[in-house]
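What follows is a short report on a single structure.
The values are calculated or read from the model by the stated rules, or taken from the named source; none is laboratory data. The shown structure was predicted, so the numbers you read here are calculated from the model rather than taken from an experiment. So basically every Cβ, Gly included, is an ideal-geometry build from the backbone, and we count neighbours across all protein chains shown. Remember, those area values only see protein heavy atoms, side chains included, never the ligands or the DNA or RNA. Shrake-Rupley method; radii C 1.70, N 1.55, O 1.52, S 1.80 Å.
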Amino acid sequence: GPQLSILVATNRPGIYDFVLFSLAAQTSRDYELIVVDDLVDSRRAEVVALADKLSVNLAHLVKSKKKTSAVSAKGGEANAYNTAAMLASGRYVTFLNDFTWLPSHFVAETIDAFGDMGPLGVLAYPYDAYAPC
């Protein structure tokens, strides 16, 4: 499987072309893109066609899972990211906004930075590492 799972959550009109175009320009292809898009029914064909045209490793394009809690039936961004995380197969996981433009070395440098951190840690771009206490 891929080293890096890239998770994007959206329900914003339009498609997330910044993410797709910047992933197409990556120096490393060792990633999978997982998009949780609550508007996917209206734009699946367009998103899949663009990802295919750009050779983006789009692994999943799904809606948020249904909330089952009696406390809150609202999904929200956290629910969308939880949905994406359940689908992730990468060794490392990163969360992006749907309007993010990534530098061409993002995937390669993220994998390298996580690899240098040991078994647990947090990475904030531009590569500030936080080790566990």
Exercise for review: Evaluate the following for Thr83: is it touching a Lys or Arg at 6+ places or on another chain (Cβ under 7 Å) and outside any strand (DSSP E or B)?
Suggested key: yes
Practice item. For region 100-124, name all the residues that are modelled with pLDDT of 90 or more, open to solvent by 40 Å² or more (accessible area, probe 1.4 Å) and part of a loop (DSSP other than H, G, I, E, B). Key: Trp101, Ser104, His105
Exercise for review: Report yes if Val47 is among the aliphatic types (A, V, I, L, M), surrounded by 13 or more Cβ atoms within 10 Å (Cβ to Cβ) and either within 11 Å of the chain's Cα centre (by Cα) or at pLDDT below 90 (or both), otherwise no.
Suggested key: no
Review point. Does Val56 satisfy the criteria of being among the β-branched types (Val, Ile, Thr) and either farther than 24 Å from Gly115 by Cβ or without any contact (Cβ under 8 Å) to a residue 12 or more places away in the chain (or both)?
Key: no
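Just the residues that are assigned to a loop (DSSP other than H, G, I, E, B) and of a type in the set (Ser, Thr, Tyr), please, taken from region 86-99.
Kept after step one, since they are assigned to a loop (DSSP other than H, G, I, E, B), are these residues of region 86-99: 88-91, 97-99.
Selection gives Ser89 alone.
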Study note, to complete from the structure: Given the conditions (1) open to solvent by 60 Å² or more (accessible area, probe 1.4 Å); (2) at pLDDT 90 or above; (3) farther than 18 Å from Phe18 by Cα, every one holds for Glu77 apart from (2)
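Report whether or not Thr94 is under 25 Å from Ala113 (Cα atoms), modelled with pLDDT of 90 or more and open to solvent by 30 Å² or more (accessible area, probe 1.4 Å). Please lay out each step first, then the result.
On the way: under 25 Å from Ala113 (Cα atoms): yes; modelled with pLDDT of 90 or more: yes; open to solvent by 30 Å² or more (accessible area, probe 1.4 Å): no.
No; evaluated as a whole, the condition is false for this residue.
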Exercise for review: Quickly run through region 1-41 and pick out the residues that are of a type in the set (Phe, Trp, Tyr) and crowded, with 17+ Cβ neighbours inside 10 Å.
Suggested key: Tyr16, Tyr31
Check your understanding: So which of Ser64, Ser42, Ser22 ends up being among the hydroxyl-bearing types (Ser, Thr, Tyr), in a helix (DSSP H, G or I) and within 14 Å of the chain's Cα centre (by Cα)?
Key -> Ser22
